[in-house]
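Participant: First the structure, then my questions, so here it is.
The values are calculated or read from the model by the stated rules, or taken from the named source; none is laboratory data. From a predicted model like this one, the values you see are computed outputs, not experimental measurements. In this analysis, Cβ positions are derived from the backbone assuming ideal geometry, glycine residues included, and neighbour counts consider all displayed protein chains. Only protein heavy atoms, including side chains, enter the accessible area calculation; ligands, DNA and RNA are left aside. Shrake-Rupley method; radii C 1.70, N 1.55, O 1.52, S 1.80 Å.
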Amino acid sequence: MSEERNTISRGPWVDIDLNAVCANFAMIRNQAPGAETAAVVKCDAYGLGMAPIARALAEREQCSTFFVVYPEEGAALRTALNSADATIYVFGGPLSETLPLFDRFSLTPTLNTLEEATLWKQHFPNTPIGVHIDTGMNRRGAHINDVSAIANLGLNVVMAMSHLACASEPDHPMNQSQRAMYLDATNHFPGAKLSIASSGGALMGSDYHFDLLRPGIALYGGTPFTKDDKRIAPVAALRAPVVQMRDLAPGETVGYSATFTATRPTRIATIALGYGDGYPRSGANRACASINGERAPIAGAVSMDFITLDVTDLKNPPKLNDIAEFFGPNLPIFDVAQNCGMVPYDLLTGLGARVDRRYL
Ligand SMILES: *Cc1c(COP(=O)(O)O)cnc(C)c1O
């Protein structure tokens with residue numbers, strides 16, 4: 001995956017701190033000493049590169065359980081880990097066409113419906129599997145009324161999971177009601193490991209820990225909550241160079257649709273990053289970048305390849321090839337996401353293929 005991306009000369013890149021990923025994993029694991037901590041590495045590890053991240057977690061933190069959505073992701077992960085030992089769960093469940101992939105790469109489905117469970121039973125009656133119980137999110141997982149029928153198939157259920165709809169708000173009453181419904185349903189699967197916590201549940205206290213934690217976003221430096229969480233270390237820094245400078249007279253405008261008009265002599269720095277690289281268009285005239293330790297607001301539209309910054313007020317005027325940071329240690333990803341009407345999840349997973357992934 002990331003190995004196949006082309007490097008662009010003087011284009012945008014994202015620095016990815018693998019030590020910080022490991023530190024976040026350890027921080028989560030320390031929340032729940034009695035439980036196992038897994039890593040959710042779906043969607044190319046939230047855009048940051050599944051192979052290097054999964055390898056770092058396996059080698060440095062002895063992480064041995066991973067979650068992806070598609071069996072193809074699971075196959076790539078098995079190959080990247082080069083180990084038969086890791087347990088790789090696939091949230092998406094099996095189709096008749098994908099059964100050979102599950103078999104060949106020893107992938108463990110989390111069965112979502114009676115149909116999936118019946119299909120699995122016909123082909124692999126004894127292979128260990130997970131069951132996903134829907135406790136009110138109404139997205140994926142077995143309807144509560146189907147749970148006993150799935151249990152009666154007599155599959156080798158080693159893990160029974162559910163997913164919280166409102167983990168972004170720890171005080172939301174739905175968390176407690178989902179937990180109660182989940183506990184009741186798990187009586188059908190005695191001996192199975194229990195798991196309801198994504199990053200939010202993992203950071204919400206022991207009520208949600210059970211046997212297996214499934215954090216994603218917190219590993220990658222993003223908060224799962226509607227406010228920032230300083231327990232989580234920043235992981236990714238989106239950076240790009242200044243490629244042109246321009247001085248404007250009052251009345252001149254910047255960019256598509258001329259949405260920024262200079263009201264004073266204004267200095268503009270053009271940066272090699274745009275919405276084609278995953279930077280949101282909604283950051284236009286709202287978000288900022290950090291450049292030489294100072295903050296500069298975005299002036300005008302975000303275009304496909306370029307962003308223009310108003311650097312007039314900077315004490316250190318930037319020069320060609322200076323580096324602007326759009327989120328990272330100097331500019332919390334949570335604040336940037338908020339300014340753009342987004343959350344860290346979509347900022348990270350939206351990073352484009354042209355953004356070079358660099359590992360520290
Ligand atoms: C994506 C996902 C997770 C991880 O969620 P985060 O909020 O990123 O920690 C856990 N469980 C399920 C079912 C998921 O889809």
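Participant: Among 159, 342, 50, which one shows the highest mean-square fluctuation when the chain is modelled as a Gaussian network with alpha-carbon springs under 10 Å?
Facilitator: Highest fluctuation among the options: 342.
Participant: What residue among 33, 71, 241 shows peak mean-square fluctuation when the chain is described by a Gaussian network model with Cα springs under 10 Å?
Facilitator: Highest fluctuation among the options: 33.
Participant: Using only the Cα atoms of the chain, what are the Rg and Dmax in Å?
Facilitator: Gyration radius and largest Cα-Cα distance of the chain: 23.0, 76 Å.
Participant: Considering only the chain, what is the antiparallel percent among its DSSP beta bridges, to the nearest 5?
Facilitator: Numbers: 28 of 54 bridges.
Of all bridge pairs located within the chain, approximately 50 percent are antiparallel.
Participant: Just the accessible area per residue of the chain, please: how many Å² with a 1.4 Å probe?
Facilitator: On the way: 15500 Å² over 360 residues.
Per residue, the chain has 43 Å² of solvent-accessible surface.
Participant: Less than 19 Å apart at the alpha-carbon level, and either on another chain or at least 8 residues along: which aspartates and glutamates does that give for residue 230?
Facilitator: 17, 169, 171, 335
Participant: Can you tell me the 0 to 90 degree angle between the C-alpha axis of helix 173-185 and the longest principal axis of the chain, rounded to 10?
Facilitator: 30
Participant: Further question: Just the ratio, please: alpha-carbon radius of gyration of region 77-123 over 2.2 N^0.38 Å, N its number of residues. Could the numbers behind the result be given before it?
Facilitator: Values: Rg = 11.0 Å, N = 47, 2.2 N^0.38 = 9.5 Å.
Dividing the Cα radius of gyration by 2.2 N^0.38 Å gives 1.16.
Participant: Which loop trypsin sites (Lys or Arg not before Pro) in region 273-360, with loop taken from DSSP, have no more than 16 other Cβ atoms within 10 angstrom of their Cβ? List each step's numbers first, then the result.
Facilitator: Values: sites: 281, 286, 295, 315, 319, 354, 357, 358; in loops: 286, 315, 319, 354.
Here the trypsin sites (Lys or Arg not before Pro) that fit, given the DSSP loop and packing criteria, are 286, 315, 319.
Participant: Report, largest value first, the span of the C-alpha coordinates of region 90-181 along each principal axis, in whole Å.
Facilitator: So the extents along the principal axes, rounded to whole Å, are 43, 25, 19.
Participant: Starting from the exponent 0.38 and prefactor 2.2 Å, build the expected Rg for region 27-151 from its residue count and divide its actual Cα Rg by it. Could you put the intermediate results ahead of the total?
Facilitator: Working: Rg = 15.0 Å, N = 125, 2.2 N^0.38 = 13.8 Å.
It is 1.09.
Participant: Something else about it: Among the lysines, select those whose C-alpha is under 24 Å from the C-alpha of residue 227, and discard any that sit fewer than 8 residues away in the same chain.
Facilitator: 42
Participant: From the residues 94, 200, 235, which one has its Cα farthest along the dipole of the chain in the positive direction, the dipole being from +1 and -1 charges on Cβ of Lys/Arg and Asp/Glu about the Cα centre?
Facilitator: 235
Participant: Tell me which of 360, 225, 282 sits at the most positive position along the dipole axis of region 202-360, charges placed on C-beta atoms (Lys, Arg +1; Asp, Glu -1).
Facilitator: Farthest along the dipole direction, towards plus: 360.
Participant: So how tilted is helix 18-31 from the main axis of the chain? Cα-based, degrees 0 to 90, rounded to 10.
Facilitator: 50
Participant: Please list, or write none, the lysines whose alpha carbon is within less than 20 Å of the alpha carbon of residue 319, excluding same-chain residues fewer than 8 places away.
Facilitator: none
Participant: A follow-up question, please. With +1 on each Lys and Arg Cβ and -1 on each Asp and Glu Cβ, how big is the dipole of the chain about its Cα centre, in debye rounded to the nearest 20? All intermediate terms of the calculation are to be shown ahead of the outcome.
Facilitator: Details: 29 positive and 36 negative charges, 119 e Å.
Roughly 580 debye for the chain.
Participant: Here's another thing I want to ask about it. Please list, in order along region 141-155, the HN-Hα scalar couplings obtained from phi with the Karplus expression 6.51 cos²θ - 1.76 cosθ + 1.60 (θ = phi - 60°), rounded to whole Hz, x for Gly and Pro.
Facilitator: Ordered by residue, 3J(HN,Hα) equals x, 6, 4, 4, 6, 9, 5, 5, 5, 5, 4, 5, 5, x, 6 Hz.
Participant: If the viscosity is 1.002 mPa s and the temperature 20 °C, what translational diffusion coefficient in µm²/s does Stokes-Einstein give for region 192-268 when Rh comes from Kirkwood over Cα pairs? Could you put the intermediate results ahead of the total?
Facilitator: Numbers: Rh = 16.6 Å.
Rounded, D is 129 µm²/s.
Participant: If you roll a 1.4 Å probe over the chain with all protein chains in place, what percent of the accessible area is carbon or sulfur?
Facilitator: Working: 7740 of 15500 Å².
Carbon with sulfur: 50 percent of the solvent-accessible area.
Participant: Output the Kirkwood hydrodynamic radius of region 255-357, Cα pairs only, in Å rounded to one decimal. Could the numbers behind the result be given before it?
Facilitator: Details: mean 1/r = 0.0726 Å⁻¹.
By the Kirkwood definition, the hydrodynamic radius is 13.8 Å.
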